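Report on the structure given below.
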Amino acid sequence: MSKRKITVAVTGLNNIDSPGPGVPVIRALKESLLFDVRIVGLSYESLEPGLYMHDLVDKSYQVPLPSAGISSLLERLHYINEKEEIDVIIPNFDAELHNFIKLEKQLRSDFGIASFLPTSEQFESRHKSVLYEFGEANDVKVPFSKMIFSASEIEGLKKEFTYPLVIKGKYYDASVAATPEQAVNYFHKISAKWGLPIIVQQFVSGNEVNVTALGDGKGNCIGAVPMRKLYITDKGKAWAGISLDDEKLIEISNRVIGNSKWRGGCELEFIKSNEGEYYLLEMNPRFPAWVYLAVGCGQNHPEALVQMALGEKVVPFTDYERGKLFIRYSFDQIVNLSEFEKISTLGEL
């Protein structure tokens, strides 16, 4: 059977020590059994490595930062689409999703660009600041958490929390504080990078386990693969991991996806406590950077997402290979200065 040719635009090309999901999503699509995929890379910075991976990315464009707003993004996508005739777009950063969700219907109706994203309500419901309420609504345990807007509030936390506790940014970063002094230090460090509010969360001792999952928006979990980190960088990112044989974790993940009627890809981050209880720490509203492990285990989540974006019926995955490892590696890519100059000045490569 011949593959259908399609063009897919992908963001998140920063394949660095804190990698974006874009490059593994592209690798998954290039291995699709259904589609012959031409990739249009969308970047925010001129040094995102994915820009120069010409075996994976067929054409690249810079797009305005999310802070520039919806109008700037729409104008840029209009220009790009006139040249590339994009079929599907897959945004991969938390911070850009708000704009893409707002534009989803317009991109489809005006430009013929499909996507498969959570609704605005779903996106807002799983924010770190309201995750405790999300857990109650979707029948999953979540450590108690609270938003704070000033370092002066930390002194009063002892009424509700015991140390150690976790200080989290609204988008990224988390640090475990053993004392109020450490909590103040982490508050300033994280808020300077990601802004306010800061989330304070109950610390649960145990092992972190993560799940990459995909929902159809109707209460069905299309696929889920659990992973435990084997090697962690100083930024807390998995540099190696192994797929797990954990039916309870899969059952909980299916419940979360089903009860929330989640639409699109996501990553569920859990702590398995020393008592064997699972606590949801975060729900990231897009594929994780390790999503290619799911492909290696027999579940191509990006391919299934493209199918659903195009309105095609997808049969849920029922199995995956346990005991498969992923191991990241650094790679020195040689790039001509002319290419860097071209993407920097013209915004295209």
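Readers should treat all values here as calculations from the given coordinates under stated rules, not as data from a laboratory. Here the structure is a predicted model, which is why all the values come from computation and not from measurement. No Cβ is skipped: glycine too gets one built from the backbone with ideal geometry, and neighbour counts run over all protein chains shown.
Name the shape class, rounded, prolate or oblate, that the alpha-carbon gyration tensor gives for segment 86-220, where a ≥ b ≥ c are the square roots of its eigenvalues, rounded holds for a/c under 1.5, and otherwise prolate holds if a/b is larger than b/c and oblate otherwise. Judged from the Cα gyration tensor, segment 86-220 comes out prolate (a/c at least 1.5, a/b above b/c). Put in line by how crowded their Cβ is, counting other Cβ atoms within 10 Å and starting with the fewest, E85, E96 read E85, E96.
By the count of other C-beta atoms within 10 Å, a proxy for reagent exposure, K248, K313, K342 are ordered fewest to most as K313, K248, K342. Sequence-distant contacts, meaning Cα pairs under 8 Å at least 6 residues apart, place the relative contact order of segment 144-202 at 48 percent. With no solvent and one point per C-alpha, what does the Debye sum give as log10 I(q)/I(0) for segment 16-79 at q = 0.12, 0.13, 0.18, 0.29 Å⁻¹? Those come out to -0.35, -0.41, -0.74, -1.23, one per q.
Charge tally for L214 (other residues, Cβ to Cβ under 12 Å; Lys, Arg +1; Asp, Glu -1): -1. The slack between V315 and I242, meaning 0.36 nm per residue of separation minus the straight C-alpha distance, is 23.8 nm. Computed about the Cα centre, the dipole magnitude for segment 144-202 is approximately 140 debye when only Lys and Arg (+1) and Asp and Glu (-1) carry charge, each at its Cβ.
Extents of segment 164-234, largest first, come to 44, 27, 22 Å (Cα atoms, principal axes, whole angstrom). Toward the positive end of the charge dipole of the chain, with +1 on the Cβ of Lys and Arg and -1 on the Cβ of Asp and Glu, the farthest Cα among L349, Q333, Q299 is that of Q299.
Near G195: Cβ cut-off under 15 Å, other residues only, Lys/Arg at +1 and Asp/Glu at -1. The net charge is +3. Residues V314, V40, ranked from the fewest to the most other C-beta atoms within 10 Å, line up as V314, V40. The equivalent ellipsoid that matches the C-alpha gyration tensor of segment 144-202 spans semi-axes of 16, 11, 11 angstrom, in descending order.
DSSP finds beta bridges in the chain, and of those with both partners inside it, around 75 percent are antiparallel. Considering only I154, I198, I252, the mean-square fluctuation computed in a Gaussian network model of the chain, springs between alpha carbons under 10 angstrom, is largest for I154.
Building the convex hull from the alpha-carbon atoms of segment 219-307 and averaging its projection over directions returns 6.1 nm².
Considered as an equivalent ellipsoid built on the Cα gyration tensor, the chain has semi-axes of 33, 24, 20 Å, the largest given first.
With contacts taken as Cα pairs under 8 Å and at least 6 residues apart, the chain reaches a relative contact order of 18 percent. For segment 107-171, the tally of Lys pairs with Cα-Cα distances below 17 Å comes to 8, considering only residues 8 or more apart or on different chains. Note on segment 262-349: Cα-only Rg and Dmax are 18.7, 57 Å. Near E348: Cβ cut-off under 10 Å, other residues only, Lys/Arg at +1 and Asp/Glu at -1. The net charge is +3. For the chain, a crude dipole built from +1 on the beta carbon of Lys and Arg and -1 on the beta carbon of Asp and Glu, taken about the Cα centre, is about 240 debye to the nearest 20.
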